[in-house]
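A.B. asks: Let me begin by handing over the structure; questions about it come next.
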Amino acid sequence: MEKHQKWTQPEPLWRANQSLPTFKALKEDTATEIAIVGGGITGVTTAYLLAKAGKKVTLIESDVLLNGTTGHTTAKVTAQHGLIYHELIKHFGEEEASLYYQAQMSALDSIEEWINKYQIDCDWVKEDAYLFSTSQKGAHKLEKEYEAYQALGIPGGTDNSLPFDIETTKSLSMKNQARFHPLKYLTALVEEFTKMGGEIYEHTKAIDVKEKDRIEVETGNGYTVACEKLISCSHFPFYDGKGLYFSRMYADRSYVIAIEPEKNVPEGMYLSIDEPKRSIRTADYNGTSLLLIGGESHKTGQGVDTSFHYNALEEFAAETFGVKKKWFQWSAQDLTTLDKVPYIGPITRNNERVFIATGFRKWGMTNGTLAAKLISAYVLGEKSLFHDLFKPSRFKSDPSMKQFISQNFDVATHLVDGKLELVADRPKSLKSGEGMVVQWKGERAGAYRDEEGKLHVLDTTCTHMGCEVEWNSGDHTWDCPCHGSRFSYDGAVVEGPAKQPLMKIAIEEGHEVPPHIEESDQNDQPDTL
Ligand code: FES
């Protein structure tokens, strides 16, 4: 096999050949009972539940439905969220750790119930999930995790081997978990929602909120959605509402490849706990059994060249399973809260009109569904057993504060380091499709040359709080290492918390030069717009 072959399709498997409903952008002011911002699993499921309860619901999405983190998941539907239960018992106690497990399993059960109810053909497969270690230290951690499973009554067990060719020191199973095709499933929920009269607007970006007698959501196209209650399901909260969410979460990017393996595909879903972490599951694609391999997680804006991450996954796939054909590759961004438990509930302690769901730490299928159930219960005035554990205003001093200080120290470091960084790269030319940090008139700038040869130069100062963005060569975006904002090559916001685009640096017509070239070099390589 040729090393690092070209990918057949640089997009998530889930969107390939999947026909999705489309919706128009909002073209006038509108009023509704419940406004939902964000068309991923949380937004769609919440919309479905509240419409089913008789509410008038309007969902707006800045791009198209199901194309954010939900469209880029590995779609494991499981309560096995890595190593978590031993830690939850330590920080929260057994009772709340048990509630966490029950909450996740209740989400899995709901998904299964709706699949059965609507006969949704979405490749739903029940199978066990496994964590595995490759070091003695990792094996010790799995033993501790297993003790937690036993204390909480979680069905599972340990073993010393795996059904595929990798040296392992221990594995820990969790019984009766599941996997599916998330877009097939959610397309059916979208249909149920619209059948009940629910409204959806795509290409309608919520940019601000005014909390008056009614709540008014202002959109980028200049219209307003007035509502009684607002639910933010936009991954990173598009509206902070004084909740200071940007300082209470950090963003990770991770990568997935889908390959056709040479060896037999093992049953089950797997996740290694030692570095480098690897996530493994199978998926059907038009009758071909593919293997999804994920990993290479790093804080947003702090990775090396992103093609390195895909190559590392590909090498692991080739060594472990053999690669007959490579099909898809994609990356995702995930948010983690200070204590690893998502924020689901009122945006601030006494706010009964604005709700938020975020910080799913890569486990969006169960957490997103759980969030939909919990927020619907808030809106309908019902008390849930799980509300307190997930509410954003919970206070757990120990782990939170330690993490808070280290995360914010990290942010402060990037703020200062980014500004002082000496830009060393000064190659003679930027090829089409390439971007990099360069010097422009002595200042740090970001340059990208598009496929038509046009150069786009931007101020690399993040418009959220002033950190310096870095080039992501895999996704062709500018990513901020501080709170995870992402911008397209022309500066437009792809993902918040930033709301404003990066500032464009004007290049005079006829005088454009590759920005890395000093004044004295300018005659060497004239460039045209
Ligand atoms: Fe906060 Fe960039 S995302 S400074």
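A.B. asks: Could you list, in sequence order, the residues of segment 323-352 that are of a type in the set (Ser, Thr, Tyr) and under 26 Å from Leu99 (Cα atoms)?
C.D. replies: Those that are of a type in the set (Ser, Thr, Tyr) and under 26 Å from Leu99 (Cα atoms): Thr336, Thr337, Tyr343, Thr348.
Condition check ((1) in contact with an Asp or Glu (Cβ under 7 Å, 6 or more places away or on another chain); (2) over 20 Å from Phe386 (Cα atoms); (3) modelled with pLDDT under 95) across all residues:
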residue: Ile84; (1), (2), (3): no, no, no
residue: Phe92; (1), (2), (3): no, no, yes
residue: Glu95; (1), (2), (3): no, no, no
residue: Tyr100; (1), (2), (3): no, no, no
residue: Met105; (1), (2), (3): no, no, no
residue: Trp114; (1), (2), (3): no, yes, no
residue: Lys117; (1), (2), (3): no, yes, no
residue: Cys122; (1), (2), (3): no, yes, no
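A.B. asks: Also, I was wondering about something else. Does Pro427 satisfy the criteria of being closer than 30 Å to Tyr101 by Cβ, more than 16 Å from the ligand (Cβ to nearest atom) and at pLDDT below 55?
C.D. replies: no
A.B. asks: Are any residues in segment 311-359 free of Cβ contacts under 8 Å to residues at least 60 places away in the same chain and aromatic (Phe, Trp, Tyr), and if so, which ones?
C.D. replies: Phe316
A.B. asks: Based on this model, can you work out whether Gly71 counts as at pLDDT below 95 and of a type in the set (Gly, Ala, Ser)?
C.D. replies: It is true that Gly71 is at pLDDT below 95 and of a type in the set (Gly, Ala, Ser).
A.B. asks: Could I ask something else about it? Residue by residue through segment 41-66, note down the ones that are modelled with pLDDT under 95 and surrounded by fewer than 20 Cβ atoms within 10 Å (Cβ to Cβ).
C.D. replies: Asp63, Val64
A.B. asks: Here's a follow-up. Please list, ordered by first then second residue, the pairs with beta carbon atoms under 6 Å, 6 or more apart or interchain, first in segment 457-485 and on the phi > 0 side of the Ramachandran plot, second more than 10 Å from the ligand (Cβ to nearest atom) and modelled with pLDDT of 85 or more.
C.D. replies: Listed by first residue and then by second, the contacts come to His476/Tyr489.
A.B. asks: Would you confirm whether any residue within segment 258-274 is within 16 Å of the ligand (Cβ to nearest atom) and in contact with a Gly (Cβ under 9 Å, 6 or more places away or on another chain)?
C.D. replies: no
A.B. asks: Given the structure, is Lys229 more than 30 Å from Thr158 (Cα to Cα), at pLDDT 90 or above and in contact with a helix residue (DSSP H, G or I) (Cβ under 8 Å, 6 or more places away or on another chain)?
C.D. replies: Yes.
A.B. asks: Just checking, how many residues over segment 245-287 are surrounded by fewer than 23 Cβ atoms within 10 Å (Cβ to Cβ), more than 30 Å from Val469 (Cβ to Cβ) and of a type in the set (Gly, Ala, Ser)?
C.D. replies: Matching residues across segment 245-287 total 3.
A.B. asks: Checking the structure you have, find out if any residue of segment 505-520 is more than 11 Å from the ligand (Cβ to nearest atom), modelled with pLDDT of 85 or more and either surrounded by fewer than 20 Cβ atoms within 10 Å (Cβ to Cβ) or outside any loop (DSSP other than H, G, I, E, B) (or both).
C.D. replies: Yes, segment 505-520 contains a residue that is more than 11 Å from the ligand (Cβ to nearest atom), modelled with pLDDT of 85 or more and either surrounded by fewer than 20 Cβ atoms within 10 Å (Cβ to Cβ) or outside any loop (DSSP other than H, G, I, E, B) (or both).
A.B. asks: In segment 475-492, which residues are at pLDDT 90 or above and in contact with a Pro (Cβ under 6 Å, 6 or more places away or on another chain)?
C.D. replies: Answer for segment 475-492, where residues must be at pLDDT 90 or above and in contact with a Pro (Cβ under 6 Å, 6 or more places away or on another chain): Gly491, Ala492.
A.B. asks: Select the helices (runs of 4 or more DSSP H) contained entirely in segment 50-155, then report the ones holding at least 1 residues which are touching a Pro at 6+ places or on another chain (Cβ under 6 Å).
C.D. replies: Qualifying helices (runs of 4 or more DSSP H): 85-92.
A.B. asks: Identify the residue in segment 444-455 that is of a type in the set (A, V, I, L, M, F, W, C) and out of contact with any Lys or Arg (no Cβ under 8 Å at 6 or more places or on another chain) and, among all such residues, is farthest from the ligand (Cβ to nearest atom).
C.D. replies: The selected residue is Ala447.
A.B. asks: I'm checking my understanding of the structure. Among residues of segment 351-383 that are in contact with an Asp or Glu (Cβ under 8 Å, 6 or more places away or on another chain) and farther than 27 Å from Lys212 by Cβ, which one is surrounded by the fewest Cβ atoms within 10 Å (Cβ to Cβ)?
C.D. replies: By that ranking, first place goes to Arg361.
A.B. asks: Got a sec? Which of Gly381, Gly442 is of a type in the set (Gly, Ala, Ser), at pLDDT below 80 and on the phi > 0 side of the Ramachandran plot?
C.D. replies: Gly442
A.B. asks: When you go through (1) touching an Asp or Glu at 6+ places or on another chain (Cβ under 8 Å); (2) surrounded by fewer than 17 Cβ atoms within 10 Å (Cβ to Cβ); (3) not hydroxyl-bearing (Ser, Thr, Tyr) one by one for Leu88, which number turns out not to apply?
C.D. replies: Here Leu88 meets the rest and fails (2).
A.B. asks: Take segment 344-361 and flag every residue that is aromatic (Phe, Trp, Tyr) and part of a loop (DSSP other than H, G, I, E, B).
C.D. replies: Correct list: Phe360 only.
A.B. asks: For segment 456-499, name all the residues that are under 22 Å from Phe328 (Cα atoms), among the hydroxyl-bearing types (Ser, Thr, Tyr) and either under 17 Å from the mean Cα position of the chain (by Cα) or within 9 Å of the ligand (Cβ to nearest atom) (or both).
C.D. replies: Thr477, Ser488, listed by residue number.
A.B. asks: If you don't mind, there's one more thing I want to ask. I'd like to verify a number: residues in segment 375-392 that are free of Cβ contacts under 8 Å to residues at least 60 places away in the same chain and in a helix (DSSP H, G or I), how many?
C.D. replies: Looking only at that region, the number is 4.
The values are calculated or read from the model by the stated rules, or taken from the named source; none is laboratory data. Computed from a prediction, not measured in an experiment: that's the story for all the values here. Neighbour counts are summed over all protein chains in view; Cβ atoms, including those assigned to glycine, are modelled from backbone coordinates with ideal geometry.
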